[in-house]
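The values are calculated or read from the model by the stated rules, or taken from the named source; none is laboratory data. Since the structure is predicted, the reported quantities are computational estimates derived from the model, not experimental observations. So basically every Cβ, Gly included, is an ideal-geometry build from the backbone, and we count neighbours across all protein chains shown.
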Amino acid sequence: MEKTSRIYIAGHKGLAGSAILRKLQAEGYTNLITRTHEALNLENQGDVEAFFKAEIPEYVFLAAAKVGGVLANSTFPAEFIHKNLAIQSHVIHSSYLYGVKKLLFLGSSCIYPKHCPQPMKEEYLLSGFLEPTNEPYAIAKIAGIKMCQSYNRQYGTNFISVMPTNLYGPQDNFDLETSHVLPALIRKFHLAKLAATNCFEALQQDESFFGPIPLDIKTSLGLTGKTFMKGTKAKPTVVLWGSGTPRREFLHVDDLADAGLYLMNNYDESEIINIGVGKDFTIRELAETTAKIVGFQEEVVWDTSKPDGTPQKLLDVSRLNQLGWKAKISLEQGIATTYRWYVNPI
C-alpha cells in the first residue's frame with residue numbers, strides 16, 4: 001500500500017478497527033476512509049454498494065462485526081449469525097464489484113473445533129465440532145473465510161483472512177454482562193479497589209460510563225441498595241468463575257494492528273493466518289497479574305461451581321513467525337496500558 005492509497009477501515013470504532021486506524025495514522029497513511037454505523041449501515045447491501053461506488057477504496061480492512069462473550073452469544077445467537085453474515089457478505093462482494101486491490105478479513109480463533117489439538121494450526125479448520133456456545137458467530141466467520149477464498153479462486157481477487165487470538169486493549173468492552181475475561185478482570189479489580197477506599201463518587205462515575213454493575217458484584221464489594229452507599233464489609237471480595245486452571249492466550253490489539261498492516265504489505269495467499277503471541281497463561285495467573293497492576297490487594301474467591309470452559313486455547317503462530325512477524329507487547333505491558341486507558345478513557 002502507498003501512503004496515499006485510499007484505505008477503508010470497516011468498524012473503526014471497535015476494539016480492532018480503532019487500533020488499525022491508529023496504526024495507519026501513526027505510519028503516515030493519509031487517505032483513510034471511515035464511516036460510523038449511523039452514517040453507513042453495513043447490514044444494508046444497497047447502502048454498502050452505494051458507499052463503495054462513491055468512495056472507490058483501494059484497500060479494505062474488514063474489522064466490523066457483532067462480538068460478545070459467552071452470555072451474549074448464548075442470548076442472541078440469531079443476531080450473531082445474521083448480522084455478521086450480512087456485514088461481511090456486503091463488504092466482500094462490494095470490494096469485488098468495485099475493484100478493491102486487497103482486502104483483509106478479520107476472523108476469530110473460535111473458528112477452530114472445540115476439542116482442537118493444541119496449539120491450533122491453520123489446517124485444523126473444519127476438522128471437528130465447534131464450541132456450542134459461540135457456534136453461530138464461528139460459522140459466520142468461517143463463511144467469511146470461505147467467501148474470501150472463493151472470490152480469489154473465481155474472480156482473481158486478493159482477499160486475505162487472519163485469525164487473531166483473544167484480543168484486549170483500549171476501546172475494549174468493559175460491560176460486565178457482555179465483556180470478555182480480561183476487561184472483566186480489570187473492571188472487577190478496579191471497582192473493588194474503589195470500594196475498599198470508599199471512593200463512592202468514582203464508583204458512580206464508572207457505572208455511568210462503562211455500564212451497570214450487576215447486583216451480585218455490588219454485593220460482593222459490600223455495596224447495597226439502588227445507589228452506592230457504604231457497605232457493611234470491611235474488605236470487598238472479588239469473585240471469579242471456575243478454578244482458574246484453564247489456559248488462554250491474549251494479544252494486545254496494537255500488536256494485531258501491526259500484524260494486519262504487515263500482512264497487507266507482505267502476504268498474498270488465500271490460506272488463513274493465525275495472529276497471536278504463541279504463549280498462554282492460566283486464568284489464575286491472568287487474575288494475579290491484573291490485580292497487581294490495578295493495585296487490588298484484598299480477597300479473591302474462585303467459585304468452582306461455575307464452569308471452566310475449554311481447558312486450553314493456544315494458536316500455532318509458526319506460519320506468521322516464518323513470514324517475519326512476532327508479537328512485541330508483553331502481557332504485563334499490555335494490561336498496564338489498557339488499565340491506564342480504562343481509568344482515563346479518551
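Does at least one position in region 251-273 carry a residue that is in a loop (DSSP other than H, G, I, E, B), at pLDDT 95 or above, under 25 Å from residue 172 (Cα atoms) and not aliphatic (A, V, I, L, M)?
no
Give me the residue from region 12-51 that is in a loop (DSSP other than H, G, I, E, B) and of a type in the set (Ser, Thr, Tyr) and, out of that set, farthest from the chain's Cα centre (by Cα).
Checked region 12-51; the qualifying residue farthest from the chain's Cα centre (by Cα) is 30.
Output yes when any residue across region 126-143 is in contact with a Gly (Cβ under 7 Å, 6 or more places away or on another chain) and at pLDDT 95 or above, and no when none is.
Scanning region 126-143, I find at least one residue that is in contact with a Gly (Cβ under 7 Å, 6 or more places away or on another chain) and at pLDDT 95 or above, so the answer is yes.
Does region 296-307 contain at least one residue that is out of contact with any Gly (no Cβ under 6 Å at 6 or more places or on another chain), modelled with pLDDT of 95 or more and surrounded by 16 or more Cβ atoms within 10 Å (Cβ to Cβ)?
no
Restricted to region 52-76, and to residues that are out of contact with any Phe, Trp or Tyr (no Cβ under 8 Å at 6 or more places or on another chain) and in a loop (DSSP other than H, G, I, E, B), which residue is farthest from residue 12 (Cα to Cα)?
Selected residue: 76.
Working carefully through the options 80, 61, find the one that is modelled with pLDDT of 95 or more, crowded, with 18+ Cβ neighbours inside 10 Å, closer than 22 Å to residue 1 by Cα and of a type in the set (A, V, I, L, M, F, W, C).
61
Could you give every pair whose Cβ atoms fall below 8 Å, whose first residue belongs to region 95-115 and is within 16 Å of residue 54 (Cα to Cα) and at pLDDT 95 or above, and whose second residue is surrounded by 24 or more Cβ atoms within 10 Å (Cβ to Cβ) and of a type in the set (A, V, I, L, M), counting only separations of at least 6 or pairs across chains?
95/60; 95/103; 100/60
Looking at (1) at pLDDT 95 or above; (2) surrounded by fewer than 19 Cβ atoms within 10 Å (Cβ to Cβ); (3) assigned to a loop (DSSP other than H, G, I, E, B), can you tell me which one residue 198 breaks?
In the conditions (1) at pLDDT 95 or above; (2) surrounded by fewer than 19 Cβ atoms within 10 Å (Cβ to Cβ); (3) assigned to a loop (DSSP other than H, G, I, E, B), residue 198 misses (1) alone.
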